[in-house]
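K.L.:
So that we are looking at the same thing, I have put the structure below in structure tokens.
Read-outs throughout are calculated quantities, based only on the coordinates presented, and are distinct from any laboratory measurement. Since the model is a prediction, treat every value here as computed from it, not as a measurement. Cβ coordinates were reconstructed from backbone atoms using ideal geometry, including for glycine residues, and neighbour counts include every protein chain displayed.
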Amino acid sequence: MSTSNAGGPLTPERILEAADETLRRFGPAKTTVVDVARALGVSHGSVYRHFPTKADLRDAVVDRWLQRMHPSLAAVADGEGAAAERVRLVLWTLAETKWTQAREDPEFFTAFAELAEDARTPVVAHVDFVVVQLTKVIAEGVARGEIASADPKTTALAVFDATAKFHNPAARSEWVRPAIDEAFANVWRLLRDGLLPRGVRGVGESG
């Protein structure tokens, strides 16, 4: 019996769930659309009706994983408290989420990291989303006199780039605790002092 019949209609979500598991077992290099279809008990043509190419399927896997982080990042950005601390929390949440996945599900995270190197569209969309959250918080901080920035978006991009080591999967070999926690704290102190208005830098902030 076809797994698609047993589990209900064949949907993009079911295909992506099967793709996740197949990637976890075989890795990106050895995973094919036929493997995903076999896991679902359907023909590869059925998968292609939802994802016309192997690249489309891979991009969707990456996008689905990245999208899962967005609600928690938005919640931090929209939260209360000092703007600089919320910038730190956005960056920390982004990093900690990826560190946890890499530690708890290393097979899938390794597969995800390899796919992400070629999945430009979902990765760019993810970066844009994070930068929008940072820009929003920084702009609010500027309006309240808590952050010094002539251009919040440019500042947000700089902050994102400066912390790439902590959230870019390509740097995952460096995510060893407790060293990575200390490195994050050190980089954040420099960034924080750069964000705060003159006369406030190095005063009244923790972390």
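K.L.:
Using only the alpha carbons of segment 3-52, what is the convex hull's orientation-averaged projected area in square nanometres?
P.N.:
3.0 nm²
K.L.:
Another question, if that's okay. Work out the FRET efficiency for Asp56 and Glu140 from their Cβ-Cβ distance, taking R0 = 30 Å, and round it to the nearest 0.05.
P.N.:
Step by step, r from the Cβ atoms, then E = 0.20.
K.L.:
Can you tell me the mean projection area, over all orientations, of the convex hull of segment 41-109's alpha carbons? Units nm², please.
P.N.:
6.5 nm²
K.L.:
Here's a follow-up. Taking square-rooted eigenvalues a ≥ b ≥ c of the alpha carbon gyration tensor, is segment 68-139 rounded, prolate or oblate, where a/c under 1.5 means rounded and, failing that, a/b exceeding b/c means prolate?
P.N.:
oblate
K.L.:
Which of the lysines could a cross-linker span from Lys153 if the Cα-Cα distance has to be under 30 Å and same-chain partners fewer than 8 positions apart are dropped?
P.N.:
Lys98, Lys136, Lys165
K.L.:
Continuing with the same structure: Using R₀ = 41 Å, calculate the FRET efficiency as 1/(1 + (r/R₀)^6) where r is the Cβ-Cβ separation of Lys165 and Ser43; round to 0.05.
P.N.:
0.40
K.L.:
Compute from the Cα atoms of segment 65-195 the Rg and the Dmax, the latter being the longest Cα-Cα distance, and quote both in angstrom.
P.N.:
Computed over the Cα atoms of segment 65-195, radius of gyration and Dmax are 14.6, 45 Å.
K.L.:
Choose one answer from Arg49, Arg192, Arg14: the residue with the largest mean-square fluctuation in a GNM of the chain with alpha-carbon springs under 10 Å.
P.N.:
Arg49
K.L.:
Would you mind finding the longest exposed-site-free stretch of the chain, with exposed GluC sites (Glu not before Pro) meaning DSSP loop and at most 14 other Cβ atoms within 10 Å?
P.N.:
118-207
K.L.:
Calculate, in nm to one decimal, what Arg177 and Ala158 gain on full extension: separation in residues at 0.36 nm each, minus their alpha carbon distance.
P.N.:
That pair, Arg177 and Ala158, stretches by 4.3 nm at full extension.
K.L.:
Cut-off under 16 Å on the C-alpha distance; same-chain residues fewer than 8 positions from Lys30 excluded. Which lysines are left, in chain and number order?
P.N.:
Lys54
K.L.:
Please give, to one decimal in nm, the separation of the simple spin-label points placed at Arg68 and Ala185, each 7 Å out from Cα toward the Cβ.
P.N.:
A separation of 2.9 nm, rounded to one decimal place.
K.L.:
Rounding to the nearest 20 debye, state how big the charge dipole of segment 3-52 is about its Cα centre with +1 on each Lys and Arg Cβ and -1 on each Asp and Glu Cβ.
P.N.:
So the magnitude is around 140 debye.
K.L.:
Still on this structure, please answer the following. If I fit a long axis through the Cα atoms of helix 179-195 and take the longest principal axis of the Cα atoms of the chain, what angle between them do I get, 0 to 90°, rounded to 10?
P.N.:
On a 0 to 90 degree scale, this one is about 50.
K.L.:
Would you work out the Kirkwood radius for segment 124-173? I mean one over the mean of 1/r across all pairs of different Cα atoms, in Å.
P.N.:
11.5 Å
K.L.:
Under unit Cβ charges (Lys, Arg +1; Asp, Glu -1), what dipole magnitude, rounded to 20 debye, does the chain have relative to its Cα centre?
P.N.:
Here the chain has a charge dipole of around 140 debye.
K.L.:
Under a Cβ-only charge scheme (Lys and Arg +1, Asp and Glu -1), can you give me the dipole magnitude of segment 92-167 about the Cα centre, in debye to the nearest 20?
P.N.:
It comes to approximately 300 debye.
K.L.:
Another one. Provide the FRET efficiency to the nearest 0.05 for the Val132-Arg198 pair, computing r from the beta carbons and using R0 = 25 Å.
P.N.:
Efficiency computed from Cβ-Cβ geometry: 0.35.
K.L.:
Does anyone have the angle between helix 54-67 and the longest principal axis of the chain? Alpha-carbon axes, 0 to 90°, nearest 10?
P.N.:
40 degrees
K.L.:
What is the helix-to-structure angle for 12-26, meaning the angle in degrees between its Cα long axis and the longest Cα principal axis of the chain, kept from 0 to 90 and rounded to the nearest 10?
P.N.:
90 degrees
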